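Novice: Please read through the structure below; I'll follow up with questions.
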Amino acid sequence: MNPRTRILLTALSAFVLLGGAVIFALVARDSGPPLSKGDSRGTPSLAAHDRLIFLSGRHLASVPANATTGHAVVSDLQCVRVYAAAGTGACMHQDDPWHYSLLTLDATLRQTSRHKIAGLPNRLRVSASGQMVSWTTFIGGESYNKGGFSTRTGILDLRTGTSVPNLETFAIHIAGHRSHAIDHNVWGVTFASDDNRFYASLATGDDRYLVQGDLAARTLTTLESNVECPSLSPDGTRIAFKQAVDNDPRKGWRLSVLDLKTRTITHLAETASVDDQAAWLDDSTVAYTLRAADGTPSIWSVPADGSGNPTLVRNNAESPAVI
Amino acid sequence: VTFQGTALAFLFVYLSTIDRSLPRRETAGRRVSANVMALGAVSLVTDISAEMVVAVLPIYLVMGLSLSPAAYGAIDGLYTGATALLRLVGGYAADRTQRRKFVAGLGYGISCVAKLGLLAAGRSVGLIGAVIAVDRAGKGLRTAPRDAMITLSTPPDDLGRAFGIHRTMDSIGAFLGPLVAMAVLWLAADSFDAVFVASFCIAALAVVVLVLFVRDRRETLSGAQPVVVRSIGTLISAPGVLRLVAAAILLGLATIGEGFVYLLLQDRQDLSLVWFPLLAVGSNLAFLLLATPLGILADRVGRLPVMLAGYVALALAYLALLLPGGWALLVIVLLLNGTFYAATDGVLMALAGGILPTGLRTTGIAMVQTGQALAYLGSSVLFGLAWTFWGQLVALTGAAGMVAITVIATTVLLRRPRQTADAR
């Protein structure tokens, strides 16, 4: 084969192969939200009532809260995590696999603000009033057989537009003493009804605490230990959270409820390990995401008093919030 | 489309060099042979394909499939030692049949098909692990015959330069891979499937270049004794071969693994885990800039001094990791680490080319590379244990101490054989 033929053959192969790769990429680009049977495309309203907002194939979707396995309305908006309350939505959006943004949304899913966030999206909450948003990202560690990890948690005040980018800068008090440890990590904020107090998890060393935060005073104070990802009940009396089995997160987490007045802890009927910040469906039920071994998510609910059994809310769905 | 255009432009630049150098090959003494350039082009294109996947895999598993990062570690850590045997078998088969190009092509082909396997594996962790094992097997199979073909296409005095240029081209590919992956993700609106398909297409193109432009150079070996299992005994007893394998094992023992180096850097810098694979890009940049000059230097001043200088760079990198963080530290460590690889990786193969008998060269190279790979596996496990039980200071000081021992032992081992092998 002479050199000219070889070059022509190579050029032809290059054209076909690289062209094929580009065409595949462009086709992959145009595929819209994956719709399950019976679902329809549309723009769910965040001002509606008694609806479950969730993610279906990473797209914001909505179903009636009393018929969660039924037909969903799936929007074009892509989020890695979503939450909504009082007509305000929050969406952690992937700009590209290395960069993420926090989007705030009005009731018609129109973007009202956009904030770059560092790291990989992890937790997201909107206060019951729809005025405050808090997010948590994983910054580093967490992998490569290093036990530790590092999170970053911020709070955004939609009334004033101000934000606290990192709650670790607050004055931290552990068991009554001011802590200056350098390995503080804060994650999983849940807001109280006054939009100033909040609860969150705090870790330093091997210890994980429930903290009460005060936004105006810029303080975090520990209340209990071995509490992660708190979620305050709508009546403000109890906190659903994940409790590390034998106080060792490597053994998984038991979904539990803490009564803030009596300080008693009740294990809920869900025995599978729950790695999620639960969402209250009403004052007696909590919902959470479970993942199959291959990563496929599903939303489940369980009574908040330790009775009953877990119930499937919806398959192929994650990140629940009831409006 | 810029990505396609750039890739095509690169390809044509290389192909035109290959073609023009063909008639002049015999006369231009200091030129690198067309075969080495062709193998370099194959490695360049293949490494674009391979590093595309390496760069997106952690993100794909953690964000795309929502798997825990621990699952990624399990997938990534497996199979390093498992491909060792396959490498030896491949090396022996290539010598026995004298079909080095075929065995190398098989390796390139297997890795190419594995890229489509990632698409087929879907969300199953087990299948993804299996596909990565197949991909590594292909890499294990092709390396020794490829390096043997480079030595057989190059006069002994120019081996340093030939390997330097090959490794430079190889790491240009490794440097471009993550960038191409980002371009595809941008073009495909973050579809990982599109990255895998593009990686497959690019790998297939490399196989086409291999088939069309690489020559097996079987003619140089005609009349040589047929290779049988017993020949391995002859190989081991040939002068300098055991010393060479011992030096390769020492090289493996001195290397704690780039993964640990990046992990230590991450520890200092609070780097997000998503940037982790991109640290390799920094190391690669130093490697690609230095591989050719250091290879040429090795031909001039001797291969041993250049290797020893590489070890000094490595020891300095380990000691630098003991300093407090900062971006300057990151740059210095990546630079020293890249220098070490540039001064040892191709240079060791150049040394091997001068020592191993031609008829058994692929087997010999496979032995050298296997010894190095297994020793490296052992040293990274030891380093991990030392880090866990005694902390970074002890682990890093120990690693630097191991490098010092390696420098002395390598000097003793390779001083004499180098003189016999390179006698001019």
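The values are calculated or read from the model by the stated rules, or taken from the named source; none is laboratory data. Note that the coordinates shown come from a computational prediction; the quantities given were computed from them, not determined experimentally. Cβ coordinates were reconstructed from backbone atoms using ideal geometry, including for glycine residues, and neighbour counts include every protein chain displayed.
Novice: Over 22 Å from A:Ala181 (Cα atoms) and touching a helix residue (DSSP H, G or I) at 6+ places or on another chain (Cβ under 7 Å): does that describe A:Lys251?
Specialist: Yes: the conditions hold for A:Lys251.
Novice: Taking the options A:Asp294, A:Asp283, name whichever one is more than 14 Å from chain B (Cβ to nearest Cβ), without any contact (Cβ under 8 Å) to a residue 60 or more places away in the chain and over 16 Å from the mean Cα position of the chain (by Cα). Walk me through how you get there before you give the answer.
Specialist: Details: A:Asp294 fails: more than 14 Å from chain B (Cβ to nearest Cβ).
Going through A:Asp294, A:Asp283 in turn, just one is more than 14 Å from chain B (Cβ to nearest Cβ), without any contact (Cβ under 8 Å) to a residue 60 or more places away in the chain and over 16 Å from the mean Cα position of the chain (by Cα): A:Asp283.
Novice: Looking at B:Leu278, B:Leu285, B:Leu322, can you tell me which residue is surrounded by fewer than 18 Cβ atoms within 10 Å (Cβ to Cβ), at pLDDT 85 or above and farther than 18 Å from B:Asp345 by Cβ? Break it down stepwise before answering.
Specialist: Values: B:Leu278 fails: at pLDDT 85 or above; B:Leu285 fails: farther than 18 Å from B:Asp345 by Cβ.
B:Leu322 is the lone residue from the list that is surrounded by fewer than 18 Cβ atoms within 10 Å (Cβ to Cβ), at pLDDT 85 or above and farther than 18 Å from B:Asp345 by Cβ.
Novice: Mind checking which residues of region A:172-229 are in contact with a helix residue (DSSP H, G or I) (Cβ under 8 Å, 6 or more places away or on another chain) and closer than 21 Å to A:Ser129 by Cβ?
Specialist: A:Val189, A:Ala200, A:Gly213, A:Arg218 - these are the residues of region A:172-229 that are in contact with a helix residue (DSSP H, G or I) (Cβ under 8 Å, 6 or more places away or on another chain) and closer than 21 Å to A:Ser129 by Cβ.
Novice: Looking at (1) in contact with a helix residue (DSSP H, G or I) (Cβ under 8 Å, 6 or more places away or on another chain); (2) away from chain A (no Cβ under 11 Å); (3) modelled with pLDDT of 80 or more, which is the one condition that is false for B:Arg96?
Specialist: Among (1) in contact with a helix residue (DSSP H, G or I) (Cβ under 8 Å, 6 or more places away or on another chain); (2) away from chain A (no Cβ under 11 Å); (3) modelled with pLDDT of 80 or more, B:Arg96 violates only (1).
Novice: If I go through region B:170-212 residue by residue, how many of them are small (Gly, Ala, Ser), on the phi < 0 side of the Ramachandran plot and facing another protein chain (nearest Cβ under 8 Å)? Give the steps one after another, and end with the answer.
Specialist: Applying the first criterion (small (Gly, Ala, Ser)) to region B:170-212 yields B:171, B:173-174, B:177, B:181, B:183, B:188-189, B:191, B:194, B:198-199, B:203-204, B:206.
Next, from what is left, pick out any that are on the phi < 0 side of the Ramachandran plot: B:171, B:173-174, B:177, B:181, B:183, B:188, B:191, B:194, B:198-199, B:203-204, B:206.
Those left that are additionally facing another protein chain (nearest Cβ under 8 Å): B:188, B:191, B:194, B:198, B:204.
Going through region B:170-212 one residue at a time, the tally reaches 5.
Novice: Here are some residues: B:Arg167, B:Arg215, B:Arg161. Which one is basic (Lys, Arg), over 18 Å from A:Leu17 (Cα atoms), more than 7 Å from every other protein chain (Cβ to nearest Cβ) and surrounded by fewer than 24 Cβ atoms within 10 Å (Cβ to Cβ)?
Specialist: On the way: B:Arg167 fails: surrounded by fewer than 24 Cβ atoms within 10 Å (Cβ to Cβ); B:Arg161 fails: surrounded by fewer than 24 Cβ atoms within 10 Å (Cβ to Cβ).
After applying the criteria, what remains is B:Arg215.
Matching residues to (1) assigned to a loop (DSSP other than H, G, I, E, B); (2) within 14 Å of another protein chain (Cβ to nearest Cβ); (3) crowded, with 16+ Cβ neighbours inside 10 Å:
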residue: A:Ile239; (1), (2), (3): no, no, yes
residue: A:Leu258; (1), (2), (3): no, no, yes
residue: A:Thr271; (1), (2), (3): yes, no, no
residue: A:Asp276; (1), (2), (3): yes, yes, yes
residue: A:Tyr288; (1), (2), (3): no, no, yes
residue: A:Ser301; (1), (2), (3): no, no, yes
residue: A:Asn309; (1), (2), (3): yes, no, no
residue: A:Ser319; (1), (2), (3): no, yes, yes
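Novice: Here is a list of conditions, (1) in contact with a Phe, Trp or Tyr (Cβ under 7 Å, 6 or more places away or on another chain); (2) farther than 19 Å from A:Thr289 by Cα; (3) within 14 Å of chain B (Cβ to nearest Cβ), and A:His93 meets all of them except one; can you say which number that is?
Specialist: Looking at each condition in turn, A:His93 falls short on (2).
Novice: While we're on this one: Against the condition within 28 Å of A:Thr266 (Cβ to Cβ), within 14 Å of chain B (Cβ to nearest Cβ) and of a type outside the set (Ser, Thr, Tyr), how does A:Asn185 come out, does it pass?
Specialist: Working: within 28 Å of A:Thr266 (Cβ to Cβ): yes; within 14 Å of chain B (Cβ to nearest Cβ): yes; of a type outside the set (Ser, Thr, Tyr): yes.
It is true that A:Asn185 is within 28 Å of A:Thr266 (Cβ to Cβ), within 14 Å of chain B (Cβ to nearest Cβ) and of a type outside the set (Ser, Thr, Tyr).
Novice: So which helices (runs of 4 or more DSSP H) stay within region B:271-387 end to end and still have 3 or more residues that are touching a His at 6+ places or on another chain (Cβ under 7 Å)? Can you show your working first?
Specialist: On the way: elements: B:276-301, B:303-320, B:327-355.
By residue number, no helices (runs of 4 or more DSSP H) qualify.
Novice: Looking only at region A:46-61, decide whether some residue is free of Cβ contacts under 8 Å to residues at least 40 places away in the same chain, within 30 Å of B:Val184 (Cβ to Cβ) and away from chain B (no Cβ under 14 Å).
Specialist: no
Novice: Would you confirm whether or not region A:21-36 contains a residue that is over 30 Å from A:Asp157 (Cβ atoms) and more than 14 Å from chain B (Cβ to nearest Cβ)? Quick ask: steps written out before the conclusion?
Specialist: If we filter region A:21-36 for residues that are over 30 Å from A:Asp157 (Cβ atoms), which is where we start, we get A:21-36.
Still in the list and also more than 14 Å from chain B (Cβ to nearest Cβ): A:35-36.
Scanning region A:21-36, I find at least one residue that is over 30 Å from A:Asp157 (Cβ atoms) and more than 14 Å from chain B (Cβ to nearest Cβ), so the answer is yes.
Novice: If you check every pair at least six apart or on different chains, which have Cβ atoms under 8 Å apart with a residue in region A:90-109 that is touching a residue at least 24 places away in the same chain (Cβ under 8 Å) and among the β-branched types (Val, Ile, Thr) first and a residue that is in a loop (DSSP other than H, G, I, E, B) and surrounded by 19 or more Cβ atoms within 10 Å (Cβ to Cβ) second?
Specialist: From residues that are touching a residue at least 24 places away in the same chain (Cβ under 8 Å) and among the β-branched types (Val, Ile, Thr), the pairs are A:Thr104/A:Leu158; A:Thr108/A:Leu46.
Novice: While we're on this one: Evaluate the following for B:Thr80: is it of a type in the set (S, T, N, Q) and either outside any helix (DSSP H, G or I) or at pLDDT below 85 (or both)? Walk me through it before giving the result.
Specialist: Values: of a type in the set (S, T, N, Q): yes; either outside any helix (DSSP H, G or I) or at pLDDT below 85 (or both): yes.
Considered against the rule, which asks whether it is of a type in the set (S, T, N, Q) and either outside any helix (DSSP H, G or I) or at pLDDT below 85 (or both), B:Thr80 comes out as yes.
Novice: Moving on to the next point. On the basis of being of a type outside the set (D, E, K, R), buried (at least 24 other Cβ atoms within 10 Å of the Cβ) and within 18 Å of the chain's Cα centre (by Cα), does B:Val333 make the cut?
Specialist: Working: of a type outside the set (D, E, K, R): yes; buried (at least 24 other Cβ atoms within 10 Å of the Cβ): yes; within 18 Å of the chain's Cα centre (by Cα): no.
Against the criterion (of a type outside the set (D, E, K, R), buried (at least 24 other Cβ atoms within 10 Å of the Cβ) and within 18 Å of the chain's Cα centre (by Cα)), B:Val333 does not qualify.
Novice: Here's a follow-up. Scan region A:125-151 residue by residue and report those that are closer than 21 Å to A:Pro249 by Cα, surrounded by 15 or more Cβ atoms within 10 Å (Cβ to Cβ) and either facing another protein chain (nearest Cβ under 10 Å) or modelled with pLDDT of 95 or more (or both).
Specialist: Restricting attention to region A:125-151, the residues satisfying the condition of being closer than 21 Å to A:Pro249 by Cα are A:136-151.
Subset that is surrounded by 15 or more Cβ atoms within 10 Å (Cβ to Cβ): A:136-144, A:146, A:149-151.
Scanning region A:125-151 gives A:Thr137, A:Phe138, A:Ile139, A:Gly140, A:Gly141, A:Glu142, A:Ser143, A:Tyr144, A:Lys146, A:Phe149, A:Ser150.
Novice: Give region A:96-116 a look and list any residue that's away from every other protein chain (no Cβ under 11 Å) and buried (at least 16 other Cβ atoms within 10 Å of the Cβ), or say none.
Specialist: Step one: list which residues in region A:96-116 are away from every other protein chain (no Cβ under 11 Å), which gives A:101-116.
Within region A:96-116, A:Ser101, A:Leu102, A:Leu103, A:Thr104, A:Leu105, A:Ala107, A:Leu109 qualify.
Novice: Among the residues of region B:183-212, write down those that are surrounded by fewer than 23 Cβ atoms within 10 Å (Cβ to Cβ), of a type outside the set (Phe, Trp, Tyr) and either part of a loop (DSSP other than H, G, I, E, B) or without any contact (Cβ under 8 Å) to a residue 24 or more places away in the chain (or both).
Specialist: Within region B:183-212, B:Ala189, B:Asp190, B:Ser191, B:Val208, B:Leu212 qualify.
Novice: Next question, about the same structure. Of the residues that sit in region B:239-266 and are surrounded by 15 or more Cβ atoms within 10 Å (Cβ to Cβ), part of a loop (DSSP other than H, G, I, E, B) and of a type outside the set (S, T, N, Q), which one is modelled with the lowest pLDDT?
Specialist: Our first condition is that a residue be surrounded by 15 or more Cβ atoms within 10 Å (Cβ to Cβ); within region B:239-266, this holds for B:240-266.
Next cut, part of a loop (DSSP other than H, G, I, E, B) only: B:240, B:255-257.
After this cut, where a residue has to be of a type outside the set (S, T, N, Q) as well, the list is B:240, B:256-257.
Working: B:Gly240: 88, B:Ile256: 82, B:Gly257: 73.
Among those that are surrounded by 15 or more Cβ atoms within 10 Å (Cβ to Cβ), part of a loop (DSSP other than H, G, I, E, B) and of a type outside the set (S, T, N, Q), it is B:Gly257.
Novice: Right, something else. Going by the structure shown, is B:Gly105 modelled with pLDDT of 95 or more, under 26 Å from B:Gly346 (Cα atoms) and out of contact with any Pro (no Cβ under 8 Å at 6 or more places or on another chain)? Explain how you work it out, then say what you get.
Specialist: Numbers: modelled with pLDDT of 95 or more: yes; under 26 Å from B:Gly346 (Cα atoms): yes; out of contact with any Pro (no Cβ under 8 Å at 6 or more places or on another chain): yes.
Answer is yes for this residue.
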